[in-house]
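Scroll down for the structure; my scribbles are underneath it.
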Amino acid sequence: MNINITEFSARRQTLMAKMANGIAIIPTAPELIRNRDSHYPYRFDSYFYYLTGFKEPGSVLVLVAGEQPKTILFCRDKDIEREIWDGFRYGADAACEAFGFDEAYSINELDAVVLKLLANQAKLHFSLGESASWDMRVTSWISTLRTQARSGVGVPDEIADVRKLLDEMRLYKSPFEQAIMRDSANIAATAHNRAMQFAKPNMMEYEVEAEFLHEFYRKGAQAPAYTSIVAGGANACTLHYNANNAKLNDGDLLLIDAGCELDGYASDITRTFPVNGKFTAAQADVYALVLAAQAAAIAKVNISQHWNAPHDAALDVLIQGFIDMKLCKGSKEAVLENGDYRQFYMHRTGHWLGLDVHDAGEYKDKQSQWRMLAPNMTLTVEPGCYIRPADNVPKHFWNIGIRIEDDVLVTQDGCEVLTAKAVKSIADIEALMKN
Ligand code: GLY
Ligand code: MN
Ligand code: MN
């Protein structure tokens, strides 16, 4: 992996310029126990990683803004004994050099060094409320400084949430980030195509899930970006279904929401296709409607539109379709107003995408208006339709659950669908599944 010191270092400089003064303390994520002495696979904190590129647990970034800005990493010591068991550790000196910090120290020196750095700072930038143990540690530093007040030591009188500044930075993806996201999207798109070719009636959902993991790992992705949803038939109408342990029935649809994480960046794709390779008439009707809703939404991903325009466009198409299919009654305006469409479409049409699958960034501006889309933002576009059995629903639609989700980059003159390689027209899906 390319560490790209220049870019990570430039992000730290940008954050310090935005802070203007004060000190930022940004810990990475803790290691988590899964059971007894087994850990979950380690995942760094996205904010910490965004500023460092450093993946080791037990690390903290400290930034001192102002006239003499300074970037400082605290990390685990080199430890030959532990490295024999757990693998390589940089140690402070090598990490300082490789990742371009001004200074680096052992994590064991954190309390002593931070107390010196925090003294006489007017403002502390910290993600208060994120972790009880870090909140307590920071509080203890401030308490210690207070005891030194009579010797003239100043205590920060303001704590600001450093995530607010970082969220705004993370919203706009650099060419370096875009390239990783394109690769992440391509791996996931290939996996979806592979699943369409692999799935057959009477297979189990987990067999198809295994195809995704196989494709993710063999292409170099480090993990799934989130728990994959592999939902046959009625299971697709459970939005966060992830048991993935049912049999795939001939004649049912299979909804798969699966993406990978590559060098920290998520892809997030949903495709829905018939288990036996051929849509029924009712399935094709609903699928064509969701696909048309997605096309209308993607057409609104451009810099003349606000965040919610793709959702509004998808809803407009879906509601008309629900009325035409006799799923909803009344005028389009009435169904929008009374919310009857929510029986079949109960989620929003997308979210920011990046280091987190539901990525950082506000959706509204300071005036509480939907923010305008701008070049280099990345988002998903994911309308759906989920039809549970109900008295007001024609029987041939029962248990059809469809979502179609792509990842999109806003460009100067429209948008780029990063996940375009995952086939999605009815004709392309049926042709692929014939092979
Ligand atoms: N896979 C998570 C989502 O689509 O939001
Ligand atoms: Mn999504
Ligand atoms: Mn998804």
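No value in this document is a laboratory result; all are computed from the given coordinates. On a predicted model such as this, the values are computed, not experimentally measured, just so you know. As a convention, Cβ positions derive from the backbone with ideal geometry for all residues, glycine included, and neighbour counts pool all protein chains shown.
For this structure, a couple of remarks:
- For Lys329, the lysines whose Cα comes closer than 21 Å to its Cα, not counting residues fewer than 8 places off in the same chain, are Lys395.
- Put simply, when 90-96, 129-135 are sorted by average Cβ atoms within 10 angstrom per residue, most first, you get 90-96, 129-135.
- Net charge, Met196 excluded, C-beta distance under 13 Å - Lys, Arg +1, Asp, Glu -1: +3
- Label reach from Asn202 (point 7 Å along Cα→C-beta): in the stretch 256-294, amide nitrogens under 16 Å belong to 275-277.
- The chain - mean residue ellipticity at 222 nm from DSSP helices (-39,500 (n - 2.57) per run, n ≥ 4, rounded to 500): -11500 deg cm²/dmol
- For the peptides 357-368, 269-280, 182-193, residues were scored by their other Cβ atoms within 10 Å and the scores averaged per peptide; the highest-first order is 182-193, 269-280, 357-368.
- Whole-Hz ³J(HN,Hα) from phi, Karplus 6.51 cos²θ - 1.76 cosθ + 1.60, for the stretch 309-318, glycine and proline x: 4, x, 5, 4, 5, 5, 4, 4, 5, 4
- Ranked Trp352, Trp398, Trp85, criterion: other C-beta atoms within 10 Å, fewest first: Trp85, Trp398, Trp352
- Taking the charge dipole of the stretch 137-248 about its Cα centre, with +1 at Lys and Arg Cβ atoms and -1 at Asp and Glu Cβ atoms, the residue from Tyr206, Val138, Ala179 reaching farthest to the positive side is Val138.
- Using alpha-carbon coordinates, inclination of helix 5-19 to the longest axis of the chain, degrees: 80 degrees
- Couplings 3J(HN,Hα) of the stretch 242-258, computed from phi: 8, 5, 6, 10, 9, 7, 8, 8, 3, x, 8, 8, 10, 9, 10, 10, 8 Hz, in residue order, whole Hz [Karplus 6.51 cos²θ - 1.76 cosθ + 1.60, θ = phi - 60°; x for Gly and Pro].
- Distance in nm between pseudo-label sites at Asn242 and Gln13 (7 Å out along the Cβ direction from Cα): 4.0 nm
- About the centre of its Cα atoms, the chain shows a dipole size close to 460 debye [charges on the beta carbon of Lys, Arg (+1) and Asp, Glu (-1) only; nearest 20 debye].
- Cα gyration tensor, the stretch 306-422 - rounded (a/c under 1.5), prolate or oblate: prolate
- Stretched out straight at 0.36 nm per residue, the stretch from Asp111 to Leu32 would grow longer than its current Cα-Cα span by 26.2 nm.
- Top positive-direction residue, dipole computed over the stretch 1-79 with Cβ charges, set Ile23, Leu61, Pro41: Pro41
- Karplus-derived 3J(HN,Hα) values for the stretch 104-115, using 6.51 cos²θ - 1.76 cosθ + 1.60 with θ = phi - 60°, are 9, 9, 5, 4, 5, 9, 3, 4, 5, 6, 5, 4 Hz; glycine and proline are entered as x.
- Estimated distance in nm for a label pair at Lys219 and Leu432, the labels positioned 7 Å out from Cα along Cα-to-Cβ: 1.1 nm
- Cα-based shape type of the stretch 373-435, given that a ≥ b ≥ c are square roots of the gyration tensor eigenvalues and the cut on a/c is 1.5: oblate
- Percent of Cα pairs exceeding the 21 Å cut-off, where the set is the stretch 235-304: 42 percent
- Sites Lys366 and Asp161 - FRET efficiency at Förster radius 25 Å, r taken between beta-carbons, to 0.05: 0.95
- Dipole of the chain [Lys/Arg +1, Asp/Glu -1 at C-beta], most positive-end residue of Thr52, Asn435, Thr238: Thr238
- With K and R counted +1 and D and E -1, the other residues having a Cβ less than 11 Å from that of Asp356 yield a net charge of -3.
- Built amide H within the under 5 Å cut-off of Ile400, gap 5+: Ile387
- Amide H contacts under 5 Å for His306, placed H, 5+ residues apart: Leu373
- Shape class of the chain from the alpha-carbon gyration tensor: prolate, with a/c at 1.5 or above and a/b greater than b/c.
- Cβ-based net charge around Leu418, under 12 Å, with every Lys or Arg adding one and every Asp or Glu removing one: -4
- Set of lysines near Lys70 by C-alpha distance (under 20 Å), chain-local residues within fewer than 8 positions excluded: Lys18, Lys116, Lys123
- Of all beta bridges that DSSP places with both ends in the chain, some 85 percent have antiparallel geometry.
- Test item: Cα-centred dipole of the stretch 305-435, Lys/Arg +1 and Asp/Glu -1 on Cβ, debye: 440 debye
- Dipole moment magnitude, nearest 20 debye, the stretch 201-263 about Cα centre, only Lys, Arg, Asp, Glu C-beta charged: 40 debye
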